[in-house]
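K.L.:
Let me begin by handing over the structure; questions about it come next.
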Amino acid sequence: MLDFDKNLCMGCTACYSTCSHEAVQMKQSEKGFYISYIDTEKCIECGLCEKVCPVVNKPTMERELSELKCYATYVLEESNRIKSTSGGVFYELAKNIIHNGGVVCGCIWDNEFVARHICTDDLTMVEKMRGSKYVQSDLGDCFKEIKKISKTRKVLFCGLPCQVTALKRCIKDTDNILSVSLICGGCPSPEVWRLYKEDLEKKEKSKLIHVNHRSKSKGWLVANMQYNFQNGNNIHEVLMQNIYGANYVKGLTICEACFECSFKINSLDTDIIIGDHWGINKKMIKECKNMGSSVIIPLTIKGEKIFSDIKSLLKVELENLDNVIKVNPPLVEKHSRNNKSEFFFSSLYTLNISENLSENMPEISHGEIRRLLYKLGIYIPIYNLIWKLRHR
């Protein structure tokens, strides 16, 4: 039976997906994270859950980073790139799998804007997997489905490093599984997101109909959060000015397990790592028209093969891994602890969520001039003008 600090449970569902006695259930903790619970009346203490748990079994692989190749890349088709969070690589990987008779498992918003992983061979559903969802996803029975499907068809699974690790631990035969790990900035509480969403709807007196946590309406370099409502009202806020977005970036709302994360590039068991490439050179950033760039790091032969298969659809340049790590520290570092987290979560149900988030809003790392420009609502146009002048 699993016996460890449940604050460190990542909700990866490895134990739930492996238990044949239905003794493991996935529920939400007091802080709103999906974690596992053991029904002691059903448990026969077979030990299978302990064998697959990524928390109990820390990664032991030691990969030599100097031997890895990584690439700065983006999809050449601009309309495709605009719809994605970064450079559009995931969508091309997914299309390749489906066109070859396979299935894709990734995260979508459901009708109530709950983040859920689903398995599909329908490209219209894959469209819904595009775009960042800054909240922990509900994996449901996906691992069980993948185990069945992968016996006869190829499956692409895209998720956080801990989720990919969990999948590999509970499914031994992974020949037909292509794992794509995202560069992870931490896993926020689904309950915090639910409360914030409902508070937005209450203030707007209208149902939320569209969410984009990384809209490119103001360009890729200026991360923008977008909320559209049924009554026609829209909210567009710069990520670090939005109370939900800024507090996520600063680690206020993320899982305790993220502060102890051991799923890093040197030991991660995945085929490919993808994410934003914030260190893209000036030439490429001009060419992509500020509409997004990705870093892609193939770690296995399978990863190299599918990257090769889609290469003709991409602009690709070899990149220095050290440069990528500098702009994506989570590849090698644990997330920094926010000392306001305990107070925030202890007040989750006693304070209005917007008030709670506002009280814990981090200091903006801008000078006074930038603060004033934000306040006047003209920072983004000025920023984009400067960007255009720099890259003429």
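K.L.:
If you check Lys147 against the conditions, is it modelled with pLDDT under 95 and either open to solvent by 20 Å² or more (accessible area, probe 1.4 Å) or over 30 Å from Ser354 (Cα atoms) (or both)? Even if it seems obvious, please write down each step before you answer.
P.N.:
Numbers: modelled with pLDDT under 95: no; either open to solvent by 20 Å² or more (accessible area, probe 1.4 Å) or over 30 Å from Ser354 (Cα atoms) (or both): yes.
It is false that Lys147 is modelled with pLDDT under 95 and either open to solvent by 20 Å² or more (accessible area, probe 1.4 Å) or over 30 Å from Ser354 (Cα atoms) (or both).
K.L.:
Could we say that Val104 is touching a strand residue (DSSP E or B) at 6+ places or on another chain (Cβ under 7 Å), open to solvent by 20 Å² or more (accessible area, probe 1.4 Å) and not charged (D, E, K, R) here?
P.N.:
Criteria not met by Val104.
K.L.:
Looking at Glu127, Glu67, Glu62, can you tell me which residue is of a type outside the set (S, T, N, Q), in contact (Cβ under 8 Å) with a residue 24 or more places away in the chain, surrounded by fewer than 17 Cβ atoms within 10 Å (Cβ to Cβ) and more than 26 Å from Tyr244 (Cβ to Cβ)?
P.N.:
Details: Glu127 fails: more than 26 Å from Tyr244 (Cβ to Cβ); Glu67 fails: in contact (Cβ under 8 Å) with a residue 24 or more places away in the chain.
The conditions single out Glu62.
K.L.:
Could you look through segment 305-322, keep only residues that are in contact (Cβ under 8 Å) with a residue 60 or more places away in the chain and more than 23 Å from Asn266 (Cβ to Cβ), and pick out the one that is surrounded by the most Cβ atoms within 10 Å (Cβ to Cβ)?
P.N.:
That would be Leu314.
K.L.:
Being surrounded by 12 or more Cβ atoms within 10 Å (Cβ to Cβ) and at pLDDT 90 or above is true for just one of Asn356, Asn384. Which residue is that?
P.N.:
Asn356
K.L.:
Considering only segment 87-97, state which residues are crowded, with 24+ Cβ neighbours inside 10 Å, touching a Lys or Arg at 6+ places or on another chain (Cβ under 8 Å) and not aromatic (Phe, Trp, Tyr).
P.N.:
Gly87, Gly88
K.L.:
Taking Gly232 and the conditions (1) surrounded by fewer than 18 Cβ atoms within 10 Å (Cβ to Cβ); (2) on the phi < 0 side of the Ramachandran plot; (3) not in a helix (DSSP H, G or I), which numbered condition does it fall short on, given that it satisfies the others?
P.N.:
Single failed check for Gly232: (2).
K.L.:
Report yes if some residue within segment 109-117 is open to solvent by 70 Å² or more (accessible area, probe 1.4 Å), part of a strand (DSSP E or B) and touching an Asp or Glu at 6+ places or on another chain (Cβ under 7 Å); otherwise report no.
P.N.:
Taking every residue of segment 109-117 in turn, at least one turns out to be open to solvent by 70 Å² or more (accessible area, probe 1.4 Å), part of a strand (DSSP E or B) and touching an Asp or Glu at 6+ places or on another chain (Cβ under 7 Å).
K.L.:
Right, Lys216: open to solvent by less than 30 Å² (accessible area, probe 1.4 Å) and more than 16 Å from Leu357 (Cα to Cα) or not? Even if it seems obvious, please write down each step before you answer.
P.N.:
Working: open to solvent by less than 30 Å² (accessible area, probe 1.4 Å): yes; more than 16 Å from Leu357 (Cα to Cα): yes.
For Lys216, the condition - open to solvent by less than 30 Å² (accessible area, probe 1.4 Å) and more than 16 Å from Leu357 (Cα to Cα) - is met.
K.L.:
Filter segment 70-86 for residues that are under 20 Å from Asp122 (Cα atoms), in a helix (DSSP H, G or I), in contact (Cβ under 8 Å) with a residue 40 or more places away in the chain and open to solvent by 10 Å² or more (accessible area, probe 1.4 Å) and give the result.
P.N.:
Result: Lys83, single match.
K.L.:
Checking His210 against (1) within 20 Å of the chain's Cα centre (by Cα); (2) surrounded by 19 or more Cβ atoms within 10 Å (Cβ to Cβ), which single condition isn't satisfied?
P.N.:
Just one mismatch for His210, condition (2).
K.L.:
OK, next. Return a yes/no flag: does segment 242-265 have any residue that is without any contact (Cβ under 8 Å) to a residue 60 or more places away in the chain and open to solvent by 10 Å² or more (accessible area, probe 1.4 Å). Full working, then the answer.
P.N.:
If we filter segment 242-265 for residues that are without any contact (Cβ under 8 Å) to a residue 60 or more places away in the chain, which is where we start, we get 242.
Adding the requirement that they be open to solvent by 10 Å² or more (accessible area, probe 1.4 Å) leaves none.
Within segment 242-265, not a single residue is without any contact (Cβ under 8 Å) to a residue 60 or more places away in the chain and open to solvent by 10 Å² or more (accessible area, probe 1.4 Å).
K.L.:
Something else: Return the pair list, or none, for Cβ contacts closer than 9 Å from residues in segment 284-304 that are without any contact (Cβ under 8 Å) to a residue 24 or more places away in the chain to residues that are part of a loop (DSSP other than H, G, I, E, B) and open to solvent by 10 Å² or more (accessible area, probe 1.4 Å), at least 6 apart or on different chains.
P.N.:
Correct list of pairs: Glu304/Lys69.
K.L.:
Restricted to segment 281-304, and to residues that are open to solvent by 20 Å² or more (accessible area, probe 1.4 Å) and hydrophobic (A, V, I, L, M, F, W, C), which residue is farthest from Glu30 (Cα to Cα)?
P.N.:
For segment 281-304, the residue satisfying everything is Ile301.
K.L.:
Which of (1) open to solvent by 10 Å² or more (accessible area, probe 1.4 Å); (2) touching a Gly at 6+ places or on another chain (Cβ under 8 Å); (3) not basic (Lys, Arg) does Gly185 not meet, given it meets every other one?
P.N.:
Going through (1) open to solvent by 10 Å² or more (accessible area, probe 1.4 Å); (2) touching a Gly at 6+ places or on another chain (Cβ under 8 Å); (3) not basic (Lys, Arg) one by one, Gly185 breaks only (2).
K.L.:
Identify the single condition in (1) touching a strand residue (DSSP E or B) at 6+ places or on another chain (Cβ under 7 Å); (2) outside any helix (DSSP H, G or I) that Asn338 does not satisfy, given that it satisfies every other one.
P.N.:
(1)
K.L.:
Now for a different question. When you go through Gln163, Gln136 one by one, which is the residue that is at pLDDT 95 or above and more than 22 Å from Ile297 (Cα to Cα)?
P.N.:
Details: Gln163 fails: more than 22 Å from Ile297 (Cα to Cα).
It is Gln136.
The values are calculated or read from the model by the stated rules, or taken from the named source; none is laboratory data. What you see is a predicted model; the values in this text were computed from it and never measured. Neighbour counts are summed over all protein chains in view; Cβ atoms, including those assigned to glycine, are modelled from backbone coordinates with ideal geometry. The protein model used for the area step is the full one, side chains on, heavy atoms only, and it has no ligands, DNA or RNA in it. Shrake-Rupley method; radii C 1.70, N 1.55, O 1.52, S 1.80 Å.
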